[in-house]
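The values are calculated or read from the model by the stated rules, or taken from the named source; none is laboratory data. Predicted, not measured: the structure shown is a model, and the values here were computed from it. Glycine also receives a Cβ, built like all others from the backbone with ideal geometry; neighbour counts cover every protein chain displayed.
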Amino acid sequence: MDEVPPSPGSAAIPALPLPALHASHGGCWLRDGAGHTRGAGKGDAIVAAADTPLLILSAPLIATRLGYPDLSGLDLLELFAFVHPARFVVPTAKGLAHALELPEPDGDDAIPLLLQQAAEALLGTCEAPDWQEREGAWSALQSLARLRWAWAPLLTARIAAPQRAERWLFSRLPEWEDAPERPQPGQVTLDPDAVTTRLAQLTGSGAEARPTQQAYAAEAAHVFGPRRREGLPHLLLAQAGTGIGKTLGYLAPASLWAQQSGGTVWVSTYTKALQRQLRRESRRAWPTTRADGSQPVVVRKGRENYLCLLNLEDALQGGFSGRAAIMAQLVARWAAYSQDGDMIGGDLPGWLGTLFRQRGIAALTDRRGECVYAGCPHYRKCFIERAARASPQADLVIANHALVMVNAARSREAAQRPTRIVFDEGHHVFEAADSTFAAALTGTETIELRRWVIGPERGSKGRRRGLAARLADLASYDEAGAKAISAARHAAEALPGDGWLQRLAEGTPFGPVEELLAAVRSTVYARDESGGQEAGYGLETEAAQLDGPFIERAGAAQAALAALRQPLIRLGVRLEALLAEPPDWLDGPGRARIEGARHSLTWRIDLLAAWEALLERLGGPADPEYVDWLAVERGDAREFDIGIHRRWLDPMKPFARVVLEPAHGVMITSATLRDGNDWDAAIAKSGANALSLAPRLSSFESPFDYAGQAEVLIVTDVPKGDVAALAGAYGRLIEASGGGALGLFTAIRRLRAVHGRIADRLARAGLPLYAQHVDPIDTGTLVDIFRDDPRASLLGTDALRDGVDVPGHSLRLVVMEQVPWPKPSILHRARRLAGGGSAYDDRIIRARLAQAFGRLIRSREDSGHFVVLSSAFPSRLLSAFPAGTPVTRLTLDEALQRVATGAFGKPVQTESNS
């Protein structure tokens, strides 16, 4: 292939004289150390990569493009993570260029040169006297050199040894401090004029006055007034279309109430993207820190989101090996500069874990209940404990729906329960409650409980310890406690252990719970009526009409669970007694460790009780409050879990009891609360009916001109089930729009099939295509890449239908492969029957369509087309779209013409969507 001459403008920028490789769906390009770039075939690129380390950007992605999984080299992203930990960069050539203030490459063939220039720029930063992240770099580099990290030799020549020994990471992190309990908030009624004034302060001088936003803020203020009756909070349901300015609209009264009352407001979201937005917006109302150093705004997430320092220490001291050990060193670099230690959606680059092609990031969090609390040498520096202790003192706590519900359910102290809550993305509250208040007796859940009680299986790696090891001092001091621990350990032997899935497949279950799971598996397969069409996908059947042997196994499993729960209860009593009358040797840290163990015991006792209740009802009449079923979970033709599941038919009943009833004021807000103009479903999904509470209802229309900014195109000539036609439609639509397309699928296999057919073709036209479940990149990073490149397109599933905020030209076309029908599961069938049959389905579909359409128009400057590939789109679903939005049924060719021109011309056939 022909050599590509260097571009004059970039030749003067220093470039590291090492060979570089770039590969995309459009081809491969190699550049040597002498500055010559040439096109290459995949075979040549693989040979070159195998011969010598090449400069590359995102090794897993390049490996996928080449079909060469063993690719390794000098990955610029790894170098960036070392030089600039906790700094954001879009992991593309364009993103790297912007982050380093280098010229943006004007094509794929210019990217190898950029890699050389970026490498030199990053290495040069390490020699600069003003390098902000210098501290700790030399020490980390020594460890990385011992691990034979590819970048270590090049960095060693650039990073001089410090004159004084660098502090160890764990000595550099600040310690949290206990604070006195905050007094109860004052009873305050917000003045409407004061709310309007605060809103004006937040929006800033010179900002356009928005009467609708002011009205929205005034409505939000009502939930902060004094509660009139115990158990009946102020409840506001507020639908606010896109563009209203919801965030500042509720932050204005929230900040005013927090200031005047001295209380804490919780704002709950469903997506991490909105949490990040809230953190940014909150800086308008609160400073980053108070005069005393405390934080007025705290972000709270589940423990599994944060870096566990003890896990990190173990990884750094030999717990990880090979590439995983390199990743641990880079995470340690990040930990020293992180704002809050949040590894999932925080300031840890989402792409870092994927560079190492394994779940190493998850292994550094507290996902398995292994925390030893005050027994940990890093307890006073723990990111999780710092966030938990800061939230009672904060004016604003930003959390997610699940954490708010779990926190309300498990808080034993009234002072820890949220009493003023704003649920943003409120259309997901039902979904979050459904998961939070569910029960699942599965192999995965039971083996985790066994490990928590007993400890790791013999020969297992890791630092996990059982109850006896965690509470050894109690066992040596308190005979009754020691007996309870011993009894619990013995009872836990009845739970599934390592290899349980293989034993079930071989028909050799061990213990009463494994025997029950074997019966579940056998029953599910016996009742399966898919005829093998669903191979590789999960199977389920009702927990009804079960035979005698199954019920006997359920009874034996129930007895085994009860035998474990009883000693855990006795142990909890002994721990409470120890705290009530502490011995002389129990110091502050020891007390905190006992308290943490008591809380862990409490929720595991509750878990066991829920499992026992689930099994007890299997042989009796069905409970109308619940939906029970048996399931075999499968993925990629492999079984990964088996169990019995229980969901509330209406999860808003426990939500009302646990969250609403103790609260004083709750606001549930979203752009898609109502179904058209009907509030009934929104009220039912708020929990208000469970408390016989009449909520306050408010609706605010979007300020956008949907008739002039958007058009819904219903394509009628793409045959359903024809993957080739579906792929052709997607490819042609993306070409017509010049990229900027978000493609939404209801099935992963169709997404993969479409991507595989069109990605290369689009890339050759200069239109990059990315996809969930195909590209080895996390979803958040995929959205960042999509947002950063107006010619890129992105394919995804449900996770991209909601919560994706891509304003501007980067998103100008949304394509749905079909009407998003609900999955016909056992749970859905039960709720459909209780919710009005087909009308229930229609409400779900309209909500999904409204959420997907909401991705398209995010500002007054946005415009675009929303395309549904459905030959028989029901007219009754058209009310999902904003009033006034043109809806046109047409052929694919006609749709292509509309999309290509970017105009909303005279409709071929229109329908009303009002």
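Considering only residues of region 287-335 that are in contact with a Pro (Cβ under 7 Å, 6 or more places away or on another chain) and in a helix (DSSP H, G or I), which is nearest to SER143 (Cα to Cα)? For region 287-335, the residue satisfying everything is ARG333.
Okay, residues lined up against (1) outside the structural domain of ALA482 (by TED's automatic domain parsing); (2) among the hydrophobic types (A, V, I, L, M, F, W, C); (3) at pLDDT below 90:
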position: PRO567; (1), (2), (3): no, no, no
position: ALA577; (1), (2), (3): no, yes, yes
position: ASP587; (1), (2), (3): no, no, yes
position: ARG591; (1), (2), (3): no, no, yes
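Kindly check whether there is at least one residue in region 726-742 that is polar (S, T, N, Q), surrounded by 17 or more Cβ atoms within 10 Å (Cβ to Cβ) and modelled with pLDDT under 95. Checked region 726-742: no residue is polar (S, T, N, Q), surrounded by 17 or more Cβ atoms within 10 Å (Cβ to Cβ) and modelled with pLDDT under 95.
In region 838-890, what residues are charged (D, E, K, R) and either in contact with a helix residue (DSSP H, G or I) (Cβ under 9 Å, 6 or more places away or on another chain) or without any contact (Cβ under 8 Å) to a residue 60 or more places away in the chain (or both)?
Our first condition is that a residue be charged (D, E, K, R); within region 838-890, this holds for 841-843, 846, 848, 855, 858, 860-862, 876, 889.
Hits for region 838-890 are ASP841, ASP842, ARG843, ARG846, ARG848, ARG855, ARG860, GLU861, ASP862, ARG876.
Checking the structure you have, find out if any residue of region 744-763 is crowded, with 22+ Cβ neighbours inside 10 Å and acidic (Asp, Glu). Checked region 744-763: no residue is crowded, with 22+ Cβ neighbours inside 10 Å and acidic (Asp, Glu). Of all residues in region 274-314, those being of a type in the set (A, V, I, L, M, F, W, C), touching a residue at least 60 places away in the same chain (Cβ under 8 Å) and within 22 Å of SER255 (Cβ to Cβ) number 7.
Looking at this structure, is THR64 surrounded by fewer than 20 Cβ atoms within 10 Å (Cβ to Cβ), under 21 Å from GLY350 (Cα atoms) and among the polar types (S, T, N, Q)? Yes: the conditions hold for THR64.
So is LEU697 in contact (Cβ under 8 Å) with a residue 24 or more places away in the chain, in contact with an Asp or Glu (Cβ under 9 Å, 6 or more places away or on another chain) and within 30 Å of GLY186 (Cα to Cα) or not?
no
Where strands (runs of 3 or more DSSP E) fall wholly inside region 664-722, the ranges with 1 or more residues that are of a type in the set (Val, Ile, Thr) and either assigned by TED's automatic domain parsing to the domain that holds PHE423 or in contact with a Ser or Thr (Cβ under 9 Å, 6 or more places away or on another chain) (or both) are 665-670, 710-715.
The residue that is surrounded by the most Cβ atoms within 10 Å (Cβ to Cβ), among those in region 790-824 that are assigned to a loop (DSSP other than H, G, I, E, B) and among the acidic types (Asp, Glu), is GLU817.
Scan region 526-549 and give yes if some residue there is touching a residue at least 40 places away in the same chain (Cβ under 8 Å) and assigned to a helix (DSSP H, G or I), otherwise no.
Applying the first criterion (touching a residue at least 40 places away in the same chain (Cβ under 8 Å)) to region 526-549 yields 535-544, 546.
Still in the running and assigned to a helix (DSSP H, G or I): none.
No, region 526-549 contains no residue that is touching a residue at least 40 places away in the same chain (Cβ under 8 Å) and assigned to a helix (DSSP H, G or I).
In the set LEU71, LEU100, LEU79, LEU54, only one residue is under 27 Å from the mean Cα position of the chain (by Cα) and either touching a residue at least 12 places away in the same chain (Cβ under 8 Å) or in the same structural domain as LEU154 (by TED's automatic domain parsing) (or both); that residue is LEU79.
Scanning region 78-93 for residues that are in a helix (DSSP H, G or I) and either touching a strand residue (DSSP E or B) at 6+ places or on another chain (Cβ under 9 Å) or small (Gly, Ala, Ser) (or both) yields a count of 2.
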